[in-house]
Amino acid sequence: MAGFVLPMTLASGASAAVWHHDDETGARPSAGDIDQVRISAGEKVVTMRVEFNGRVPYQTDVFFDVDRSRKGPEFVASYNDDGGGTDQLFIDRAHGFSSPLDGARCKPRSVRLSDGGETLTARFRVGCLTFRGEKPDRLRVNVTTNDDFVTLDSAPARKRFGRWFAVG
């Protein structure tokens, strides 16, 4: 099941590229089982939507690769569901395919978990992905879910990215 890119027109008239991936799911719903990923990147805002075959897990990391010359991701948007009402998402520099420990480089404009807990949606400034003083003109994505430092699922695959797609 490969990811693909679609052009999209936003209500404001600006266009954004969209990367969409349908992931294989288990026969029974389980926390962290990724069903679909949709990332759109306009000139000013990145919107990410991750749907699960079950509930959102303890941790969901969306890794962003913005520099073709470097191996691995430069940034990660990390969501933590602690079950105690202090859920959070922050964007920071990535250290390989692991969650950052440094703290937040950027905070999102919005984060929403669906009522049933199966969909995570967030919006943040494209500027949060600025690398070496430049906003990205393209990016690619990997989504990984974890529980107690054990990887539950990855999309499109473990330590693999989807296709490059344009920003704006």
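The values are calculated or read from the model by the stated rules, or taken from the named source; none is laboratory data. All figures in this text were calculated on a predicted structure; none of them were measured in a lab. Neighbour counts run over all protein chains shown; Cβ positions are idealised from the backbone, glycine included. Just the protein is used for accessible areas: all its heavy atoms, side chains included, with ligands, DNA and RNA removed. Shrake-Rupley method; radii C 1.70, N 1.55, O 1.52, S 1.80 Å.
What the table shows:
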{"item": "Total residues in the range 58-96, condition in a loop (DSSP other than H, G, I, E, B), open to solvent by 60 Å² or more (accessible area, probe 1.4 Å) and at pLDDT 85 or above", "result": "6"}
{"item": "Strands (runs of 3 or more DSSP E) fully within the range 118-168 counting 1 or more residues that are closer than 18 Å to Phe90 by Cβ, open to solvent by 70 Å² or more (accessible area, probe 1.4 Å) and at pLDDT 95 or above", "result": "119-125"}
{"item": "Matching residues, the range 18-27, being in contact (Cβ under 8 Å) with a residue 12 or more places away in the chain and more than 13 Å from the chain's Cα centre (by Cα)", "result": "Asp22, Asp23, Glu24, Thr25, Gly26"}
{"item": "Residue in the range 104-117 that is modelled with the lowest pLDDT, counting only those that are open to solvent by 30 Å² or more (accessible area, probe 1.4 Å), assigned to a loop (DSSP other than H, G, I, E, B) and of a type in the set (Gly, Ala, Ser)", "result": "Ala104"}
